[in-house]
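All remarks here apply to the structure that follows.
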Amino acid sequence: MTEIKKLTKIAILAYGGVSLFFGIMLVFLTDIFLATLNEPTWQNPSHPRMFGAALFVVTIFALLVLLHKNWDWEKIKLTYEVLGIWLPINIIVEASLVAVFGSVFSTESTMQGVMDIVIMSLLLVLIVVAYIKQRG
């Protein structure tokens, strides 16, 4: 039984916190979020809400790990890896959307996409470094 290291807990907390923030924005405040991005006529208003719901899954995982003191690394390793793999997939999709549709989207929407890429990249680095330290 390997205990969960502090850096891994910090990575989970950061990932969960960012996911909670964007999950709330996308699920409950979608209209405000899209108006802020100057995209009032979004083609599929359910899409942001579905992605926000997926972000709540990350938040639930983070809460479960941080609240259950008797869990160890072996119990959370697979889920940690899956959520870690989810970040590069999202980065690739977001970068592709910004590259292909950046000229069609509003400036605010394009900048939000770039900011999302930066945030997800920083989280990915933190997740990977914590994973390497946890294994070693």
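The values are calculated or read from the model by the stated rules, or taken from the named source; none is laboratory data. Since the structure is predicted, the reported quantities are computational estimates derived from the model, not experimental observations. Don't worry about glycine lacking a Cβ; one is built from the backbone with ideal geometry, like all the others, and counts go over all protein chains shown. Ligands, DNA and RNA are excluded from the accessible area calculation, which covers all protein heavy atoms including side chains. Shrake-Rupley method; radii C 1.70, N 1.55, O 1.52, S 1.80 Å.
Quick rundown of the values:
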| read-out | value |
| --- | --- |
| Selection status of Met120, without any contact (Cβ under 8 Å) to a residue 12 or more places away in the chain and in a helix (DSSP H, G or I) | no |
| Only one of Glu81, Glu94 that is touching a Gly at 6+ places or on another chain (Cβ under 9 Å), charged (D, E, K, R), surrounded by 12 or more Cβ atoms within 10 Å (Cβ to Cβ) and part of a helix (DSSP H, G or I) | Glu94 |
| Qualifying positions in the stretch 53-75 - modelled with pLDDT under 85 and either under 23 Å from Thr30 (Cα atoms) or within 12 Å of the chain's Cα centre (by Cα) (or both) | none |
| Residue list for the stretch 28-39, restricted to those being at pLDDT 80 or above and either within 14 Å of the chain's Cα centre (by Cα) or open to solvent by 70 Å² or more (accessible area, probe 1.4 Å) (or both) | Phe28 |
| Considering residues of the stretch 103-117 that are buried (at least 17 other Cβ atoms within 10 Å of the Cβ) and polar (S, T, N, Q) only, the residue farthest from Leu26 (Cα to Cα) | Thr110 |
| Failed item, numbered, when Val100 is tested on (1) over 12 Å from the mean Cα position of the chain (by Cα); (2) aliphatic (A, V, I, L, M); (3) surrounded by 13 or more Cβ atoms within 10 Å (Cβ to Cβ) | (3) |
| Residue match in the stretch 49-58 (condition: of a type in the set (Lys, Arg), out of contact with any Asp or Glu (no Cβ under 9 Å at 6 or more places or on another chain), farther than 26 Å from Leu126 by Cβ and surrounded by 12 or more Cβ atoms within 10 Å (Cβ to Cβ)) | yes |
| Long-range neighbours under 7 Å by Cβ, at least six apart or interchain, first residue within 11 Å of Phe56 (Cβ to Cβ) within the stretch 2-29, second among the charged types (D, E, K, R) | Leu26/Arg49; Val27/Arg49 |
